[in-house]
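Notes follow the structure.
The values are calculated or read from the model by the stated rules, or taken from the named source; none is laboratory data. Predicted model, so just to flag it, every value in this text is computed and none were measured. Note that each Cβ is placed from the backbone with ideal geometry, even for glycine, and that neighbours are counted across all protein chains shown.
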Amino acid sequence: MAISTELKYASLGELFLDPHNPRLGRNNTGENVNQEEVLELMKDWTLDELAVSFLESGGFWPQEALIVVKEKLYGSEKLIVIEGNRRLAALKLLNDAYQKKPISTKWADIIKGRKPVNDLFIKIPYLLASSRDDVDSFLGFRHVTGIKEWRPAEKAQFIAKLIDERGLSYEQVRRKIGSKAATVRQNYISYRLLLQIEQNAKGIPKENFEERFSVMYLSLRTQGVKQFLQIDIMADPPKAKLPVPKKHLKSLSNFALWLFGNDKTPPLFTDSRLIDDFGKLLESKEAISYLERTDRPKFEVAFQIAGGDEPEIIRLIETAADNIELALSRVHLFKKSKKINKAVERLGVDTLQILKIFPDIKKGIFEEND
């Protein structure tokens, strides 16, 4: 990577937060986002913990140097921080507090009784990179597959940027960020699917997309979702740019409503453990018909229509049969036990009841024992 190993220093006023930072959210980035807006978006990123660390450790550690590029921003060339935006934002808020402009009482309390650390705001260490491209591998290892991971939507956006803007293949991205090709592909298709939903499914709050992106990502592993949307999960980037074919855009809108909900209708389910069951619903024409014709469909009703509880019923019956077979080997030794007699009576009543539901099986059993 063309990232300099020579440590340089800059003052707080010379360094700029990155308005293209994926963590800001897809709808909050761009050259027109000013520094005050970026800082406002970042203020809840536990920056106070970093500020306290700076004060207690005596400054900014060189080994935590920022990674910076020189780019044109707001009309002139600036030093823009690509890696280390939280640290820079913490310094900015800490400096505001010392300038008697704290954003909250919490920040006023942080500096209470503490003098500013020497050179903290005028000698900030950084390493200069030739371009953003040269930092991509580092960001990938650190935030996509590394210990300081971004949120799922941010990871997918970063991967999509490498493919759509840098022109990389799945394999090239895999090598660059140290991931698996299948994971890269699913992230890319998930992100492109999100963009397609935003274009075609109206009325869904943007924050819903961010909160439940990981649910959508995982749902693409189910056969039902892939079949319902006609998504080719193995598609190469040119085909995957529009994952859902045009003739299935109505299905896409329904899928988005069920998964994300809107101001009037909640998501069909909120427990991520139900993702596989959601996929089973979409394998059933009857369940899909119920979901599409009902204003506020219920997951449990759709699941029953789809026969989704069949595996659980099978498990219960097979477990009961296994237990009866175990009991048969010794139950004859306890023929006079009142408790066992009562248990056998209960079993007999339940067995006759279930056989009434399956008359052909009942008839075959009794004929065999005549």
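For this structure, a couple of remarks:
- Test: residue 340 is in contact (Cβ under 8 Å) with a residue 12 or more places away in the chain, surrounded by 12 or more Cβ atoms within 10 Å (Cβ to Cβ) and β-branched (Val, Ile, Thr): no
- Output for the stretch 262-286, where each listed residue is in contact with a helix residue (DSSP H, G or I) (Cβ under 8 Å, 6 or more places away or on another chain) and not hydrophobic (A, V, I, L, M, F, W, C): 262, 265, 267, 272, 277, 279, 280, 283, 284, 286
- Any hit, the stretch 287-309, residues being farther than 30 Å from residue 262 by Cα and either loosely packed, with under 12 Cβ neighbours inside 10 Å or at pLDDT 90 or above (or both): no
- Qualifying residue in the stretch 344-353 (condition: charged (D, E, K, R), surrounded by fewer than 10 Cβ atoms within 10 Å (Cβ to Cβ) and over 49 Å from the mean Cα position of the chain (by Cα)): no
- Residue count for the stretch 296-354, restricted to those that are farther than 30 Å from residue 283 by Cα and β-branched (Val, Ile, Thr): 6.
- Criterion (of a type in the set (Lys, Arg) and either modelled with pLDDT under 90 or at positive phi (or both)) met by exactly one of 92, 115: 115
- Residue in the stretch 91-100 that is basic (Lys, Arg), under 15 Å from residue 121 (Cβ atoms) and surrounded by 15 or more Cβ atoms within 10 Å (Cβ to Cβ) present: yes
- Residue among 241, 250 that alone is on the phi < 0 side of the Ramachandran plot, among the basic types (Lys, Arg) and either buried (at least 16 other Cβ atoms within 10 Å of the Cβ) or outside the structural domain of residue 161 (by TED's automatic domain parsing) (or both): 241
- Residues of the stretch 89-110 that turn out to be assigned to a loop (DSSP other than H, G, I, E, B) and either in contact with a Gly (Cβ under 8 Å, 6 or more places away or on another chain) or not charged (D, E, K, R) (or both), as a count: 4
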